[in-house]
Ligand SMILES: [Zn+2]
């Protein structure tokens, strides 16, 4: 069974929850159904895929861990120098560690083995290898999670609620 996208009262995406929890929110009257997939779980009760809270809630920022998996996801599993996407992907420090570059979202990008070796311990400017885009810290862990679902082909109906996908 699927997951459910929870929208704030303002229609901003808030989090992803289980369908069971979404149903509890609907039954308690704390949320309204926005989208469903047509499958009935009870009589006249279709399985929700998007719900909206009746009252606005404020959410604290949730830190996204800086991991290899998350960097690959941010970069769309593509080398940020040449665009290659395949199995042979590595992580590259833009400013090399040996020259004081840190382990940060802004300093680590996905690179194929060829580009990583070619760049060596130089900066992109020195190596004349410009980045396809400036790496950034993902601004919302929710958007990050939602894009994982969309890229794996599930929950396409969420797309219209999440701006900038
Ligand atoms: Zn490359």
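Rounded to the nearest 5, what is the percent of antiparallel bridges among the DSSP beta bridges in the chain?
Expressed as a percentage, antiparallel bridges in the chain total about 85.
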- Task: As a check on your grasp of the helix formula, calculate [θ] at 222 nm for the chain: sum -39500 (n - 2.57) over DSSP H runs of n ≥ 4, divide by the residue count, round to the nearest 500.
- Result: -6000 deg cm²/dmol
- Message: For the stretch 68-119, what does the relative contact order come out to in percent, with C-alpha contacts under 8 Å and a separation of six or more?
- Response: 41 percent
- Query: Given Cα pairs under 8 Å that are at least 6 residues apart, what percent is the relative contact order of the chain?
  - Reply: 20 percent
- Note on the structure: So, with points 7 Å from each Cα along the Cβ direction, the residue 26-residue 131 label distance in nm works out to 4.3 nm
- Once label points are set 7 Å from the Cα along Cα→Cβ at both residue 62 and residue 82, what is their separation, rounded to one decimal in nm? 3.7 nm
- Query: How big is the equivalent ellipsoid of the chain along its three axes, where each semi-axis is √(5λ) from the Cα gyration tensor, reported in whole Å from largest to smallest?
  - Reply: 41, 16, 11
- When the chain is treated as a GNM, springs tying every alpha-carbon pair under 10 Å, which of 42, 56, 11 comes out with the largest mean-square fluctuation? 42
- Taking only Cα atoms and a 10 Å spring cutoff, compute GNM fluctuations for the chain and point out the largest among 18, 121, 98. 98
- Message: Output the 0 to 90 degree angle, nearest 10, between the alpha-carbon long axis of helix 141-151 and the longest principal axis computed from the alpha carbons of the chain.
- Response: 90 degrees
- Task: Rounded to the nearest Å, what's the spacing between the alpha carbon centres of the stretch 122-165 and the stretch 76-91? Just the number, please.
- Result: 14 Å
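Any read-out appearing in this document is the output of simple, stated calculations on the displayed coordinates, not a laboratory observation. Computed from a predicted structure; not experimentally measured. A quick note on method: Cβ atoms are made from the backbone with ideal geometry, for glycine too, and the neighbour counts reach across all protein chains shown.
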